[in-house]
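Working notes, structure below.
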Amino acid sequence: MNPTQQQVQDAFQQLYDSLNDAYWSASTIENKDRIRGCADVIFDILSQLTADGIASRSADFQQLKSSVQSVKSKLQELQKEIDGVIHNIEVASKVADGIGKALDTAARFLA
């Protein structure tokens, strides 16, 4: 069963919140910048997901797909390296889990 728009929005909100927590736990300014860059793109995706019935509006839906695609590789790379970026295991775990859930949910919604 494909997720609802609200479920996708919830997954990205959880990811956004965990990235904001991770920002404060990041070990270097470069890592803080990297996390903030991802969080900014996630915020844009969240803004797009607030539009009612986005799946029925092809131009808006394509823009959402493009936004998710543009951040996907950055998030996957961050997910692989999160233990070196964030030394707080709980925060790192939330970010890694949030990335996986958001990308999986979005992939099923945008298919």
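No value in this document is a laboratory result; all are computed from the given coordinates. A quick note: this is a predicted structure, and the numbers were derived from the prediction, not measured. Every residue, glycine as well, gets a Cβ built from its backbone with ideal geometry; the counts of neighbours run over all protein chains shown.
Taking 0.36 nm per residue of separation and subtracting the current Cα-Cα distance, fully stretching the chain between residue 14 and residue 55 would add 12.6 nm. Cross-link partners for residue 72 among the lysines, with Cα-Cα distance under 16 Å and sequence neighbours closer than 8 places in the same chain left out: 80, 101.
Count charges around residue 23 for me, please; just the other residues with Cβ under 10 Å from its Cβ, Lys/Arg as +1, Asp/Glu as -1.
Values: positive: 32, 34, 36; negative: 21, 33.
The answer is +1.
Report, in degrees rounded to the nearest 10, the 0 to 90 angle that the Cα long axis of helix 89-110 makes with the longest principal axis of the chain. Value to nearest ten degrees: 20.
Restricting to DSSP H runs of at least four residues, report the calculated mean residue ellipticity at 222 nm for the chain, -39500 (n - 2.57) per run over all residues, nearest 500 deg cm²/dmol. Mind showing how you got there, number by number?
Numbers: 4 runs with 92 residues, N = 111.
My calculation for the chain gives -29000 deg cm²/dmol from helical runs alone.
Between 0 and 90 degrees, the angle of helix 29-49 with respect to the longest Cα principal axis of the chain falls at about 20 degrees. The value for segment 5-110 of Rg(Cα) / (2.2 N^0.38 Å) is 1.04.
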